[in-house]
Each structure stands twice: as C-alpha cells, then as structure tokens.
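First up is the structure itself, then whatever we jot down about it.
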2 protein chains.
Amino acid sequence: MSAIPILTDKRINNTRRALTNALIALTLEKGYDALTVRDISERAGIGYATFFRHFSDKDSLLTEVLEGTLGEFLELIQPVLNDPERTVTLVFEHVKQNSDPVRVLLRTRNVSPLLPRIFAFSSQAMLETLKPNPKSLIPPEIAAHHMIVSILELIEWWLEHEMPYPPEHMGKIVNALIMQPARKLAFLER
Amino acid sequence: MSAIPILTDKRINNTRRALTNALIALTLEKGYDALTVRDISERAGIGYATFFRHFSDKDSLLTEVLEGTLGEFLELIQPVLNDPERTVTLVFEHVKQNSDPVRVLLRTRNVSPLLPRIFAFSSQAMLETLKPNPKSLIPPEIAAHHMIVSILELIEWWLEHEMPYPPEHMGKIVNALIMQPARKLAFLER
DNA sequence: GACTTTTGAGACATTGTGTATCATTTCTCG
DNA sequence: CGAGAAATGATACACAATGTCTCAAAAGTC
C-alpha cells in the first residue's frame, strides 16, 4: 500500500521540462502554428503518446509556458508600481534575461487569450492609481491602454532587433515617448 | 473555335465573392484558426472541391482578402501623407466604413506576413520624410515604428469597443498622444 | 442554340490528432 | 538495497481535415 501520489517524481519533471524547452525552441525556429505534437515530442526526446499524459493538446502546453512567463512578470512589477521609470527599466532587464519565452509570448498572441487579459488587468490597475483629468481630450481608458500596449510593442521591436540598446536606455525612451506624454495629457499631476 | 478565355465569367466572380464574404464572416464569428475549408465552402454555398479550384488553401484565400484591404489603405493615405492630422482622421473614417475586413486583418496578425511588411514600408516612408534630431535620446527608427504601430493599436482598441468616438476625435487623440510627442522628441522641426 | 467552362458530388490517399494497450524502464519509499 | 508503484516507449487504432481526381450536370459565353 502506498501513500498519496507524490509531486516530485524525477521522470515527470524531466519530461515536462523537456517539452516546454522543445516548444520554446521550435516556436522560435519555425513558428507555433507549423508545429505538430510529433515535432515537439521528437525534439524533447520523448514518445508521442507520452505527450498526452502531460498535456491535453499543443495549446495546453503553450498555456503552461505562457502562464509561467506572465506570472514572473506580475511578481516583478508588483512591488515597484509607484515608480514608473524604475519599473519600465526593470521590465526590460527581465525581458533581456528571459528573451526566449517572451518572444514566444509575443509570437502567439492570436492563439492565447492571456495577453489581452493582462492588458485589461494592467489598464485597470493604472486607472485606479492615476486621477483622470476631466477636461482632457483623451479618455483615460485610451491613455491607459495606449501606455500598456505601446510598451509591449517597443519590447517586441527591441527583441526583434536583437536588443541594440541597454535596458536603461529603453526605459528612458519609453518614459519620454509614451509615459510622460500620456500622463501629462490625460491625467492630473499627482 | 473560341477566343482567348475571358476573365469575367459570372460564375467565377460569384464563387470568389461568396468565399471571401464567408471567410470574413466566419473569422469574426469563431476565429480564423478554428475554421476549416469545409466550414468556409458550406457558408459560401459552394462545393468543397470547388474551393481548391480558386485557392490553393485557406491561407491563400485570406491573403486575397488582406491584400485587397491593405491596397485600399495604401491608396487612401498616399495623396495626403504631408498632412498628418488629416491623414489620421481619414484612416479612421476608412476603418469605420470597412470595419469587418479590418477586424480580420487585425485578428490574423500571426498568420499573415502582410502587416509586418506594411510596418516596415510605412516606417521607411516616414524616415525619408522627417529629419532625425541627432541630439535626441530616441533613435528615429524607434520613433517611426512607435507611431505606426501605436496608431494601429488604437484602431484595434476602437474597433473592439464598437467605435465609441467619431473619427475626427480619434484623429485628435492620435495626434496629441502619439504623433506630436514623437515628432517633437525625435525629429527636427520642419 | 451550339460550344466551352465551371460546378457539385463522391471516392481517394495522406497527414495529424487523441486514445488505448502492454511490456519495459525508472523512480520512490520502507 | 529491494519490492512495489508509476511513468515511459512503441504500436495500433478511430477519427477529422486536407488536397487531388473524375465525371455528369448546370450555367455561362459568343
């Protein structure tokens, strides 16, 4: 008779890690849509049927990877939300150190509903922090959405161009080009 | 004996139009990735095999739709490139009148390489028009990319929220929030 | 109205998905 | 260390979707 199944079987951890690594590598090599479960399990060095013992399908594996990536992001920005300049630089540093999973995240936008949910969540958080200027031409939802999404677009540009400027420089650019104009135009001074 | 085959057979035009309409409608209903060729041909009211007499596959049909949509865009903005404010408003008016195909364009980003190509092309055009400020913190490629991409993100937001503000208002917002800051920060006064 | 071309319908080979089975390997825990 | 439990690999299978092909019928052109 045995105890309740344990969560730390080496074999399980190994195959799951092999699968996530294979998914990331292959997505960057030939694109997520072009991948088959066979491609992934071959690259991971596991049997085809074994794949389905861990994930119900390809999208399920992707979700696992993306949720991990996004979770790290949220933890990262939580404590420093009050200091925008510092936060932005921190984000670029984190992206640099995790560039592969972030690239996957950005290349699978249409597949996963995670990114839109993050946009909504972040915009909401921003609207609760800043006070809208009632006389502004620009609705606060638009300003908040613009800030979030434009930062992400700049991250994408930066990754696709092999990160030609250091994170601090990108932080300054983002603040000058996006954050400061949006705050000045749509919100009241704090 | 007959003449050279003619390009205006009613049957051909009808099936092609039915297919493009079906693709647009179904993509908005359940997403492009979830569609099968059978779905599309059923909705279009044509036989399954007939689909392949016009398009080699699903992506090929999508490309036809997107190229038409993008072609109209390029024609639209070509004559008025010198007047940014007017151009932006014009773009929003055009989007309003063609919202379904534009929605499809935005929802199939990962599938089609057309949008990235448009980004590159537009950025290039912008860089040839404006004079970079050599003393600026912000590289001109980043400023140009930011302008193009942010406008598109705002169009996407506008469409997803059922176009709550008129095109002129959106034009003013885009100019204040995106165009003017980017020009002021990264380029020399003209 | 004769002739040409497109269409619809069905059969077919091929590829990928997800499930099931069973012998073998690998791990955990006492 | 060694017994029992659990995960794995290999294979076979049913199913769904793709893209090709053929032929009779329908709809176009001139």
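A simple charge model with +1 on the Cβ of Lys and Arg, -1 on the Cβ of Asp and Glu and nothing else charged puts the dipole of chain A at about 160 debye relative to its Cα centre. Taking the C-alpha atoms only, the angle from helix B:140-160 to the longest principal axis of chain B is near 50 degrees. Taking the Cα centre of the protein assembly as shown as reference, the dipole from Cβ charges on Lys and Arg (+1) and Asp and Glu (-1) amounts to some 100 debye. Inter-copy label distances at A:PRO79, using a point 7 Å along Cα-to-Cβ, come to 5.9 nm with the shortest given first. Within a straight-line Cα-Cα reach of under 19 Å, A:LYS131 can be paired with the following lysines, leaving aside sequence neighbours fewer than 8 residues apart in one chain: A:LYS184. Bridgeable aspartates and glutamates around B:LYS30 (alpha carbons under 12 Å apart, same-chain partners fewer than 8 residues away excluded): B:ASP39. Length gained on full extension, A:MET163 to A:ASP33, computed as 0.36 nm times the residue gap minus the Cα-Cα distance: 44.3 nm.
Given R₀ = 25 Å, FRET efficiency for B:LYS135-A:GLN97 by Cβ-Cβ distance, to 0.05? Please list the in-between numbers first.
Details: r = 31 Å, r/R0 = 1.26.
The value I calculate is 0.20.
Bridging of A:LYS172 to aspartates and glutamates at a Cα separation below 18 Å is possible for A:ASP83, A:GLU85, A:GLU93, A:GLU153, A:GLU156, B:GLU141, once same-chain residues fewer than 8 apart are set aside.
Beyond 16 Å, how much of the Cα-Cα pair distribution for segment B:7-55 remains, as a whole percent? Please list the in-between numbers first.
Numbers: 389 of 1176 pairs.
Result: 33 percent of Cα pairs exceed 16 Å.
Each reported figure results from applying straightforward, stated rules to the coordinates on display, with no laboratory input. Computed from a predicted model, the values in this text were never measured in an experiment. Reconstructed Cβ throughout: ideal geometry from the backbone, glycine too, with neighbour counts over all protein chains shown.
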